[in-house]
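Asker: The structure under discussion is supplied below as structure tokens; questions concerning it will follow.
The values are calculated or read from the model by the stated rules, or taken from the named source; none is laboratory data. From a predicted model like this one, the values you see are computed outputs, not experimental measurements. Every residue, glycine among them, receives a Cβ derived from its backbone with ideal geometry; neighbour counts consider all protein chains shown. Protein only, heavy atoms only, side chains kept; ligands, DNA and RNA dropped before computing areas. Shrake-Rupley method; radii C 1.70, N 1.55, O 1.52, S 1.80 Å.
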Amino acid sequence: MIAICVIGFTTVLRAQTNYKVAESKNNNMKLSGTSTLHDWTMNAQVFSSESQFVVKDHQISSLKTLSFSLAVTDLKSGESGLDKNAYKALGSGDHKNITYKLSSATITPDGSKFLVKTRGNLTIAGVTKEVTIDVNAVVNADETITCTGSEKLNMTDYQVKPPKFMLGAMKTGDAITLDFTLVYKNNQLISKSN
């Protein structure tokens, strides 16, 4: 009886695996919005995230934990003026990172993909709000997991005043869209490759 319990517990431990965002050109975090002059986009490809998926035979059965952190100043638009005003609006001096921590997730198979309905706490400019985000996940042939999703947010919900430019002639809208692609790799495979 004890042997059966030990084998079962070991099997669960093996299936429940720690992942972190791998170095990949496919990783991207994009914030986009509107202004009185033109639409704008800021991208980041440098961030950290760790998660714990339960995967067996390329099937995701659950997501136990997930945390994410992005340095505000790693968001780049290609326009230094826009970046500077965005960093100021986001309070990057006092609140250097945008962070997220998962509180719960449910997973539904959707063909070769998995729909992950997540609930968690998103912190922007020091203000934390609970958000629900639908994530599409795919287990790739190399055992990495690609997660993609999109979420609409309002800056004022996080006490962020939409930035103004050119002495107020250009004003950004309150609504922004967060789009992301994150490629997670099994920590054991990362250790072996290093």
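Asker: Tell me, in nm to one decimal, what length is gained between Gln188 and Asp134 on full extension, where the rule is 0.36 nm per residue of separation less the Cα-Cα distance?
Answerer: 16.7 nm
Asker: Hey, another quick one. Going by alpha carbons, how many degrees (0 to 90, nearest 10) lie between the helix axis of 80-89 and the longest principal axis of the chain?
Answerer: Approximately 80 degrees, to the nearest 10.
Asker: Which value, in Å to one decimal place, does the Kirkwood hydrodynamic radius take for region 39-99 when every pair of different Cα atoms is included?
Answerer: The Cα-based Kirkwood calculation yields 13.7 Å.
Asker: While we're here: Helix 2-15 sits at what angle to the longest principal axis of the chain, using alpha carbons and giving 0 to 90 degrees rounded to 10?
Answerer: Approximately 30 degrees, to the nearest 10.
Asker: For Leu37, what is the net charge nearby, where nearby means another residue's Cβ is under 14 Å from its Cβ and Lys, Arg count +1, Asp, Glu -1?
Answerer: On the way: positive: Lys164, Lys171; negative: Asp39, Glu79.
Taking every other residue near Leu37 into account, the sum is 0.
Asker: For a protection proxy built on the mean count of beta-carbon atoms within 10 angstrom, sort 56-64, 85-93 highest first, please.
Answerer: 85-93, 56-64
Asker: Considering only lysines 8 or more places apart in sequence, or on different chains, count the pairs in region 72-194 whose C-alpha atoms sit under 15 Å apart.
Answerer: Close lysine pairs found across region 72-194: 15.
Asker: A further question follows. Please give the net charge around Glu50, taking every other residue with its beta carbon less than 15 angstrom from that of Glu50, where Lys and Arg add +1 and Asp and Glu add -1.
Answerer: Local net charge: +3.
Asker: Principal axis lengths of region 63-127 from Cα atoms, whole Å, largest first?
Answerer: Result for region 63-127: principal-axis Cα extents of 44, 24, 12 Å.
Asker: Now for a different question. Percent of Cα-Cα pairs more than 30 Å apart in the chain, please.
Answerer: 29 percent
Asker: Right, next: Check each of the GluC sites (Glu not before Pro) in region 15-116 and keep only those in coil by DSSP with at most 14 other C-beta atoms within 10 angstrom; list them in order.
Answerer: Glu23, Glu79
Asker: Would you list which aspartates and glutamates come within 15 Å of Lys20, measuring only between C-alpha atoms, while excluding same-chain residues fewer than 8 positions from it?
Answerer: The reachable aspartates and glutamates, counting only those whose Cα sits under 15 Å from Lys20, are Glu50, Asp142, Glu143.
Asker: If Lys and Arg each add +1 and Asp and Glu each add -1, what is the summed charge of the other residues whose beta carbon sits under 9 Å from the beta carbon of Thr65?
Answerer: +1
Asker: Moving on. Just the number please: accessible area per residue for the chain, 1.4 Å probe, all protein chains included, in Å². Let's see the in-between values first.
Answerer: Working: 11320 Å² over 194 residues.
With all protein chains present, the chain gives 58 Å² per residue.
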